[in-house]
Every structure is written in C-alpha cells, then in structure tokens.
Amino acid sequence: MAIIQFPKEMKWGAATASYQIEGAVNEDGRGPSIWDTFSHIPGKVKDGDNGDIACDSYHRYEEDIEIMKDLGIDVYRFSVAWPRIFPKGAGEVNEKGLEFYHKFVDKLLENGIEPMCTLYHWDLPQALQDKGGWNNRDTIDAFVNYAEVMFKEFNGKIKYWITLNEPWCISYLSHYIGLHAPGYKDLQLATNVAHHLLVAHGKAVQKFRELNIEGEIGYAPNTTWLEPFSNRKEDIDACRREVGHYIEWFMDPVFKGEYPEFLVNWFKKKGVELPIEDGDMETIHQPIDFLGINYYTGHIARYKENEGLFDFEFVEMGYERTDIGWPVFPEGFYKVLTYITERYGNVPIYITENGACYNDEPDATGRVKDDRRIKYLKQHLTTLSRAIQSGVNIKGYLTWSLLDNFEWAEGYSKRFGIVYVNYRTLERIKKDSFYWYKKTIANKWFEF
Ligand code: BGC
C-alpha cells in the first residue's frame, strides 16, 4: 500500500465543453456552429449522433451544479458556445446567450465553485466557416471581439480564462486528418489554421491585459508522449517530431516567440509554408498566467520511412487500453510535464483534462462499477504527484469529464464521465469513480 498525497493548496476540478453537453441548439437565439453542420452530414459521426440534445445541460445546469457541489470540486471548467453570444460569429451580441452564462456562472459562485471558462472549445459559428473559418484572418478579429465581450461582461466573476482548447485538434485533426469539423484534408490549410489560432490566442491575451481584467489567462494545448523504441537516432528523431508537433509547435511560439526549426524544415520538405505576417510572432509571444495541459495517452514508437506525416509507427506492447482504444500510458504524463518544465521554465500548470473512456453500464441495482476508471485516475494522479515532487509547478487537476457526453466523431458511443448519463431519459447516475474522486478531493490523498 502506498499513500499518495497532494499539496493542500492544489485545486481540484472537472471539465466539460459546450457542444458536448448543452444541447438546446436552436434555443434563445443560438446560431449554428460547424459541429451542428458536421454532425448532421451522414457518415461524419458514429451512428449519426449529434449534439442537438446531448446531456441537455442547457436546461439541467442546476442539477449538474448540485452534482459538482456534492463532488466537492473547487473549479469547474466549461466552455462558452460562441454562437450563443454571436449567432453569426460577429455583429450583434445575443443578450439571451449572455444571460444564460450569467445565470450559470452565478449559480457556480453561489455554490462556492470557481468557474474556469474556455472561450473556444471547437464550436465555431458556421457563418464564419462560410467565409473560410480559421483560414481567414478575419476570424482572428471576430474571436478577439467575442473574447472582449466576454471579458468585460464577466470581469470579476470568472477569474480563470482559457483562450483555446487543443489547437492541434482544431488545426491538424480537423483540417488535415479530417476527422473533426470542418473535416478538411489539406496540410497547408491546417498549418494556416494553426498559425491563425496562435495569433488569435496572442491577441486575446493582449486584450485581456489592455482591459485590465481581473484574474488569470492561459490556453490548453493537448499533449501526448512517444517513447523511442530504441536509442537509435532515427527512432529518437521520429518520436521528437510527433511529440514536437503537439508540444513545441504550439508552445514555442507562445513561450519563445518562434517555431521549432526542426519542424519548420520538415514541413518545408512537404511543401508547406508558414503564413507568418509582420508582427505575428510578437503577438503570439505574450506572457500567460498558466498553461493548461490535456493528457490522455502515449505510446512506444519507432522510425518508419514514409509512414504518415512524420515517418514513425506505434509499436504494440500489449498495452492496457481504454474503451476508445488508447493505451494507458501514465509514464508519458510524467515525461510531458517534466519536459515542458525543462523547456519553458517553471510555468504554473493546471491539468485541464485527464481521464478515460470506459463504457461501463449500470448494473441491476443501478450502480456503475467503473473500477478501470478509478485505476486510470490513480495511475495518473500518482504520476502527477511524481511530477510535483520533481518540481513541476502544478496548480490544479481537472478530470475529463464530469458527465458522459457527446464524444465528437465517436458520438455517444464513448463514455468519459465520472457521472453516467442515460441518453434516453437524461438521468444522471454517479459512478463509483465519482465517489472515489469525491473522497480523494476531500482527503487530498488516496491509497494505492
Ligand atoms: C477534448 C475533449 C474530448 C476529450 C476526449 C479532448 O481531446 O478536449 O473535448 O472529449 O479529449 O477525447
């Protein structure tokens, strides 16, 4: 038995995102987003699922907040649906949209839960996509304008702001691999989008400072770790390219004001140019208050000529896998956190997402025994404790997700929640992992 203990001041939380839980897509003036469009195209989302109803949290948020209160979290990370605030992406503000988030944030605060707001968790207003989406620099201005409205409106209420969730997914997964909305497969386009996202992030941070908004601002890139199969240079370099595409590509510009040269050269060989305009790198290179880290999985990998974008392949090691097929790889979590700290200094970090997909269903008594999720959480929290002991500046840990929800291209077939959602009745059932997490939050330690 080992006792794993956490610092008293560390914050605990849970996370969700608007399109994945809210539903009510046509209510109170909300405009369509790219995910409404995408999910209604046959073949794009498993089983033809969409977010029209999702967890219906737009109507059930009070019940959800009761659940959070029972859980005892300090922080709740949610995202705002941009098309509720600007149904057409820009132009006139939809007051009803603001009203909803005011009611919601007030309720969180009443219950002693700190709101952590993500401005962009993938639901781009369709009207902006119609004009080129993130490939069009006008979208940067629209984003900053939307951010400004939110900052001013919620100044003093929301103290934690995240500009973007997972810019790698917004760019490469959605515009090169094509799995997420808007579903393109074009490397140059994806690279333009990635760059424009970083500029949008930098400009939003500048706006936040200029307006003197109370609180902290950061962003939440997704990370993974590939451990080289051998110490051969080609294996090491291949892993470095893939990991670098998540970490350096999206963090060097923010922390150092430049793109990593080894990847710029790699992309150049593929015929891809960076769409950098004068002043962009300075704009992106704004000090941030914290870094959000999302981590789920990693692999052992090795060089393979002409395989994918970066010439590598995963090596099967008989990993334990979650029900979405991702290897359980806690060692990678440690590597990511220590690597980032070594590379960028002692930046304050919130784990803004970490969790696992296990599709356990309620048993005959209505109980959801998701022991595998508890094990995953224990493994990753133990790893987090290792990182803390190693000097990584961890401020908080937020699990993904509070609720089972719309898992993007996987629809409702993949459950990440510590609370089960019955998608027929919309009933919520607290899983065993919920009770385990609740106890851990209360104690600030657990036993492995
Ligand atoms: C995203 C979430 C998603 C989760 C599990 C992250 O990529 O931010 O929206 O549900 O991982 O796939």
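Taking Lys and Arg as +1 and Asp and Glu as -1, the other residues whose beta-carbon sits under 15 Å from that of Arg232 total -2.
Over the stretch 17-58, consider all pairs of different Cα atoms and compute the Kirkwood hydrodynamic radius from their mean reciprocal separation; express it in Å, one decimal.
Its Kirkwood hydrodynamic radius stands at 10.4 Å.
What whole-number distance in Å separates the alpha-carbon centres of the stretch 159-185 and the stretch 51-88? If you average the Cα positions of each part, the centres end up 21 Å apart. Remind me, relative contact order of the chain in percent, using alpha carbon pairs under 8 angstrom and six or more residues apart? So the answer I get is 19 percent. Annotation: for a label point projected 7 angstrom from Cα along Cα→Cβ of Asp371, residues of the stretch 424-438 with backbone N closer than 17 Å are 431-437.
The share of C-alpha pairs in the stretch 401-448 whose separation exceeds 14 Å stands at 55 percent. Size descriptors for the stretch 1-153 (Cα atoms only): Rg and Dmax, in that order, 17.1, 59 Å.
Label positions at Asp70 and Tyr423, each projected 7 Å from the Cα along the C-beta direction, are separated by 2.3 nm.
The length gained on full extension between Glu63 and Asn443, counted as 0.36 nm times the residue separation minus their Cα-Cα distance, comes to 134.3 nm. With an 8 Å cut-off on Cα pairs and a minimum separation of 6 or more residues, tell me the relative contact order of the stretch 75-138 in percent. It comes to 46 percent, rounded to a whole number. Computed over the stretch 231-329, relative contact order equals 29 percent, with contacts defined as Cα pairs under 8 Å that lie 6+ residues apart.
Binning the C-alpha pair distances of the stretch 244-325 at 5 Å intervals from 0 yields a P(r) profile of 3, 11, 16, 19, 17, 14, 12, 7, 2, 0 %, listed from the shortest bin outward.
The calculated pair-distance distribution of the chain uses every alpha carbon pair, bins of 10 angstrom beginning at 0, and gives 4, 21, 34, 29, 11, 1, 0 percent.
Ordering of 236-245, 119-128 by packing is 119-128, 236-245, highest average first (other Cβ atoms within 10 Å, averaged per residue).
Can you give the direction-averaged projected area of the convex hull of the alpha-carbon atoms in the stretch 293-448, in nm²?
On the way: hull surface 45.1 nm².
That works out to 11.3 nm².
Stretched out straight at 0.36 nm per residue, the stretch from Lys103 to Lys46 would grow longer than its current Cα-Cα span by 17.2 nm.
With a simple spin-label model that places each label point 7 Å from the Cα along the Cα-to-Cβ direction, the separation between Gln206 and Asn111 comes to 3.9 nm. Report D for the stretch 228-383 in µm² per second (integer): Stokes-Einstein, Kirkwood Rh on Cα pairs, 4 °C, 1.567 mPa s. This corresponds to a translational diffusion coefficient of 72 µm²/s.
Throughout, read-outs are computed from the coordinates displayed, never taken from laboratory work. Keep in mind the model is a prediction, meaning the values are calculated, not measured. Using ideal geometry, Cβ is built from the backbone for each residue, glycine included, and neighbour counts are taken over all protein chains shown.
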